Amino acid sequence: MIDFRLDPAFEEKLEWVRTFVREKIDPLDALIDEHVAPWNPRDKKAMAVVRPLQAEVRAQGLWGLHLPPELGGPGFGQVELCHLNEILGRTNWGPTIFGCQAPDSGNSEILARFGTEEHKKRFLEPLLANEIVSCFSMTEVEGGSDPTQFRCSAVLEGDEWVINGEKWFSSNAAQAEFFIAMVVTEPDAPRYERLSAIIVPHDTPGISFVSQPGMAGEPYPIGSHSHVRYDNVRVPRENLLGERGGGFKVAQARLGGGRIHHAMRVIGMCRKAIDMMGERAHSRITQGETLARKQLVQVDIGQCWIEVEQFKLLVMRTAWMFDNHMEKEALPWIAACKVACAQISHNVIFKAMHMLGSLGVSNQTPLARMWSSLLAMGMADGPTEIHQMFAGRAVLKNYQAAPGRFPTDYIPDLRARAEQIFGVKAEDFHHGIAG
Ligand SMILES: Cc1cc2nc3c(=O)[nH]c(=O)nc-3n(C[C@H](O)[C@H](O)[C@H](O)COP(=O)(O)OP(=O)(O)OC[C@H]3O[C@@H](n4cnc5c(N)ncnc54)[C@H](O)[C@@H]3O)c2cc1C
């Protein structure tokens, strides 16, 4: 039985987080512009405001929200994380203040599982403390959804890997202390055993940036999703994470439960958009009455609310599967969350922007930031179509071809069988329209 009840002590924590977000993080979002990279620990001015807030979170035992106790986190289950991430999702800075921002959250999971003791000391510990940030460098210009297209390669020469090639949309690379690069080390192996994951410190000679792509709306050429060139970049042999050709297994480690944390935050983002719509509907008077009295506005708000509630239940159910050790069975559910995440946020935020009129499409409410982030929703971590396909295949596994010429639900056959079971003729029950 699925049980979503929460512990009263946890309810208290949730209340603390809600208040803290309202009183401290919402104002921080208003203070520091989103284009000031929130994840850059070298930004001393921003850190002077950020660090005391992080200290408050630590004092509450909530730092590294997604982490197990052995990595210094509170060890929450995924259902609990769903509630917490929903609150943080209303904000821009929330994940950074609570030490669970991507891509560092996933990269720390990789290092914890596959790193050597030295990697843990040099990279994992400062990463968990948010003293440094990191980057996951996998997508290439020629291929994102299809990793079998990747060309950036590493060749072992003596005790060093020599990396050559380019990577595209490596978020955060400019500030990152190290990259986890997914490179071809086994070109002749089967398609999904060609890649390996290798740690590349940022200051290694041979790394350069071709450009810094930004998101739509960010002024060109400013951006934080680097196009990186690796030119005879040499790193020690020990920087290999996992086995040679085991890159996909390593990448899976960063995707575990973390894959749905984003969906959890999007619930919060959508709720904020609905809050803004509700307030606006009661405030704006058009043709003698508030927008709230217009039936089309009621339909829009009602529909948004229904979609978000359905989405939350889907995410909670998936989270519950993780908490109940059903990671493998949860895979199609994760895909479903990712598809719904993109579609529902698109609908809800578009409606909210539209309802707020010119203000809604301006840069004077948080909606524009939400809109630009949702453009990536159906793309980062694989496009919607791939997740739909994956979910579809999982559903199809439950079925096989009909045994005869007609579908199993072909009524003449069903009726013949029913007549056999009950020993009567169906036509005996036909009394005609008049009875
Ligand atoms: C904000 C953001 C941050 C990102 N951060 C990182 C990062 O830190 N590190 C990193 O390595 N990458 C990152 N990426 C890249 C991301 O992983 C890729 O964009 C994604 O995998 C898709 O690859 P692509 O952009 O090459 O699109 P393509 O693979 O070219 O796909 C384009 C479109 O083709 C269609 N399509 C593709 N395959 C199929 C299929 N099999 N069937 C049907 N239709 C299909 C879909 O409509 C898809 O949207 C980020 C992307 C974004 C937007």
Self-check item: Mean residue ellipticity (222 nm) of the chain, computed from DSSP H runs ≥ 4 via -39,500 (n - 2.57), nearest 500
Solution: -14000 deg cm²/dmol
Self-check item: Likely footprinting exposure, SER345, SER362, SER137, fewest C-beta neighbours within 10 Å first
Solution: SER362, SER345, SER137
Quiz item: Can you give the FRET efficiency for ASP409 and GLN303, using 1/(1 + (r/R0)^6), R0 = 25 Å, r = Cβ-Cβ distance, to the nearest 0.05?
Solution: 0.20
Self-check item: Percent of alpha-carbon pairs separated by more than 33 Å within the chain
Solution: 43
Quiz item: Can you flag which of LYS24/LYS328; LYS24/LYS167; LYS120/LYS249 are past 31 Å Cα-Cα?
Solution: LYS24/LYS328; LYS24/LYS167
Self-check item: For q = 0.32 Å⁻¹, Debye-computed log10 I/I(0) when each Cα of the range 388-434 counts as one equal scatterer
Solution: -1.07
Quiz item: Quick one: if you stick a label point 7 Å off each Cα along the C-beta vector at ALA418 and ARG51, how many nm between them?
Solution: 7.6
Quiz item: Using the reciprocal of the averaged 1/r over all distinct C-alpha pairs, how large is the Kirkwood radius of the range 192-286 in Å?
Solution: 17.8
Exercise. Quickly work out the THR286-to-THR19 label distance, labels modelled 7 Å from Cα along the C-beta direction, and quote it in nm with one decimal.
Key: 3.9
Practice problem: Starting with the fewest neighbours, write out VAL210, VAL348 ranked by other beta-carbon atoms found within 10 Å of each beta-carbon. | Solution: VAL210, VAL348
Quiz item: Within a Cβ distance under 14 Å of THR148, other residues only, what is the Lys/Arg minus Asp/Glu net charge?
Solution: -3
Quiz item: How would you classify the range 8-101 from its alpha-carbon gyration tensor, with a ≥ b ≥ c the square roots of the eigenvalues: rounded for a/c under 1.5, else prolate if a/b is greater than b/c, otherwise oblate?
Solution: prolate
Quiz item: Can you give the Kirkwood hydrodynamic radius for the range 268-337, in Å, rounded to one decimal and based on Cα pairs?
Solution: 14.1
Quiz item: How long, wide and thick is the range 238-364, going by the Cα atoms along their three principal axes, in whole angstroms, largest first?
Solution: 70, 31, 16
Quiz prompt | In the range 258-363, the GluC sites (Glu not before Pro) that fall in loop regions by DSSP, at most 13 other Cβ within 10 Å | solution = GLU327, GLU329
Quiz item: Calculated FRET efficiency, ARG234 and ASP188, Cβ-Cβ r, R0 25 Å, to nearest 0.05?
Solution: 0.60
Quiz item: What's the Cα-based Rg to Rh of the range 14-162, Rh via Kirkwood?
Solution: 1.03
Practice problem: Rank the residues ARG317, ARG42 as a footprinting-exposure proxy: fewest other Cβ atoms within 10 Å of their Cβ go first. | Solution: ARG42, ARG317
Self-check item: FRET E, pair VAL141, ARG393, Förster distance 35 Å, beta-carbon r, rounded to 0.05
Solution: 0.80
Quiz prompt | Cα→Cβ-extended label distance, 7 Å offset, between ALA402 and ARG293, nm | solution = 5.6
Quiz item: Cβ under 14 Å from GLY73's Cβ, GLY73 left aside: what net charge do those residues give with Lys, Arg +1 and Asp, Glu -1?
Solution: -3
Exercise. Pop out the Kirkwood hydrodynamic radius of the range 325-395 from its pairwise C-alpha distances, inverse of mean 1/r, in Å to one decimal.
Key: 13.4
Practice problem: Mind jotting down the three principal axis lengths of the range 234-308 based on Cα atoms? Whole angstrom, largest first. | Solution: 73, 25, 13
Quiz item: Normalized C-alpha radius of gyration of the range 38-83, against 2.2 N^0.38 Å?
Solution: 1.34
Quiz item: In whole Å and largest first, what semi-axes does the C-alpha gyration tensor of the range 134-252 yield when each eigenvalue is scaled by 5 and square-rooted?
Solution: 23, 16, 11
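Laboratory data are not the source of any read-out in this text; all were calculated from the coordinates shown. None of these values were measured; they are calculated from a predicted model. All Cβ positions, glycine included, derive from the backbone under ideal geometry; neighbour counts span all protein chains shown.
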